[in-house]
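Everything on this sheet refers to the single structure shown next.
The numbers here are math on the coordinates, done by the rules we state, and not lab data. Note that the coordinates shown come from a computational prediction; the quantities given were computed from them, not determined experimentally. No Cβ is skipped: glycine too gets one built from the backbone with ideal geometry, and neighbour counts run over all protein chains shown.
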């Protein structure tokens with residue numbers, strides 16, 4: 001095994017995931033293995049920490065060994081002797097392998113080191129400064145930066161080496177309550193950011209808006225509203241500048257995920273007609289009422305592949321889907337059932353989504369014929385979630401549903417989830433599983449809030465699980 005080439009070793013490392021123990025063992029095989037696996041361990045060192053403070057402390061104790069003599073003298077002058085007493089210099093510049101920097105762990109380390117006394121704030125400031133200076137000077141190329149610390153007040157772009165370290169940044173995760181000047185500074189260097197993930201406290205941040213504007217290839221944008229702060233800041237125009245910044249990239253953005261709020265004017269109205277190249281659209285509605293239907297109806301996303309949308313009418317959902325060009329394969333929509341629109345929605349899906357793989361539907365007995373057509377026409381269907389429209393003590397006909405699924409579902413269908421009031425007898429279930437046994441692929445079956453399922457049903461499911469007909473069964477109330 002010691003003569004395996006580097007490409008094979010990199011492939012092997014992927015099998016270990018976030019488990020660092022086998023990676024450490026690989027360091028001991030020979031020089032090639034050491035060079036290969038040390039670069040893997042230090043590329044994303046944060047992912048191996050698993051929230052363990054002791055690991056954070058040990059990792060940064062190694063990082064601190066890279067400090068320059070000037071940094072040590074500065075820290076010593078501030079009576080921070082614990083760091084300056086570390087003498088052993090690493091033989092390898094481990095930091096040069098890092099392509100991610102998460103400031104949360106820097107803060108965790110400093111608080112472990114100094115405690116929380118306000119009297120030591122000045123020491124914390126200088127430790128932060130020297131750690132960030134260390135990364136800017138010794139890290140060859142950061143690709144991912146996470147800025148989610150409200151009291152962060154260092155200008156990374158002023159540190160020596162920042163132009164090299166930050167110029168290839170492609171992903172930024174941040175909060176809007178960071179000092180605007182920090183983002184203005186980054187905008188002078190970072191022009192290649194492709195992905196933004198922003199947690200908004202509903203405060204305008206001019207620096208962040210500028211940073212977004214200057215990007216050359218922004219293709220992924222995600223915005224979430226901090227639910228604990230929104231009531232303090234909420235106002236209609238709070239994200240106006242952010243909306244204007246995003247509109248500059250309307251033709252380039254491929255993936256757009258946003259938390260919506262009726263009281264916040266974001267995304268701007270122009271968004272719904274101008275983002276014509278979107279492949280992924282996720283619009284989560286924080287409100288309990290439908291208040292975006294008029295805007296949703298304006299959506300023009302012909303190249304859409306993934307649609308996740310909350311609190312939309314079936315009529316508007318059908319309209320969105322009908323304006324796509326056949327590439328849509330994933331549909332998750334929260335909607336209220338309308339018996340006058342349900343058939344049209346299912347019909348629209350199978351007419352415009354020939355490559356459909358994954359769909360969630362709310363149906364009633366009257367929709368079975370259209371469901372049959374969807375099962376027959378969408379040959380790539382892999383997962384289907386079917387929620388019964390029936391409420392209270394009313395039950396939908398589970399017998400007919402199971403018969404449709406086993407008779408007309410495409411060969412690729414492997415995952416079925418049944419939600420709410422389906423009337424399924426033990427006999428219906430056993431008949432369904434006997435017929436499913438004739439198929440090539442075993443079934444993953446999930447149920448959620450299905451009151452007709454009893455211990456007798458569960459015994460039948462266990463039997464067919466032992467036979468290999470069911471590869472996985474989940475009662476979602478217990479997960």
- Note on the structure: Rounded to one decimal in nm, the spacing of the 7 Å Cα→Cβ label points at residue 226 and residue 434 is 6.0
- Note on the structure: Contact order relative to length for the chain, counting C-alpha pairs under 8 Å separated by 6 or more residues, stands in percent at 6
- Query: So what's the back-of-envelope 222 nm ellipticity for the chain, counting only DSSP H runs of four-plus at -39500 (n - 2.57) apiece and dividing by all residues, rounded to 500?
  - Reply: -11000 deg cm²/dmol
- Message: Assuming 0.36 nm per residue, please report the length gained on full extension of the stretch residue 379 to residue 203 beyond their Cα-Cα distance.
- Response: 58.7 nm
- Return P(r) of the range 382-479 (all Cα-Cα pairs; 10 Å bins starting at 0; whole %; ordered from short to long distances). 16, 55, 28, 2
- From the Cα gyration tensor of the range 111-270, with a ≥ b ≥ c the square roots of its eigenvalues, which class applies: rounded if a/c is under 1.5, or else prolate if a/b is larger than b/c, or else oblate? oblate
- Tell me the label-point distance for the pair residue 394, residue 119, using the 7 Å Cα-to-Cβ offset, in nm and rounded to one decimal. 7.0
- Item | Highest-first arrangement of 385-393, 101-109, where packing means the average Cβ count within 10 Å | 101-109, 385-393
- Prolate/oblate/rounded call for the range 33-88, Cα gyration tensor, a/c under 1.5 rounded: oblate
- Task: Provide 97, 122, 408 in ascending order of the number of other Cβ atoms located within 10 Å of each residue's Cβ, fewest first.
- Result: 122, 408, 97
- Message: Using a 7 Å offset from the Cα along the Cα-to-Cβ direction at both residue 351 and residue 339, what is the distance between the two label points in nm, to one decimal?
- Response: 2.3
- Sequence of 339, 130 once ranked by neighbouring C-beta atoms within 10 Å, starting from the fewest: 339, 130
- Query: When 399, 81, 96, 187 are ordered from fewest to most other Cβ atoms inside 10 Å of their Cβ, what list results?
  - Reply: 81, 96, 399, 187
- Item | Prolate/oblate/rounded call for the range 279-350, Cα gyration tensor, a/c under 1.5 rounded | oblate
- Using only Cα atoms, find the angle between the long axis of helix 121-138 and the longest principal axis of the chain, and express it within 0 to 90 degrees, rounded to the nearest 10. 80
- Query: the range 136-206 to the range 378-414: how many Å between their Cα centroids?
  - Reply: 48
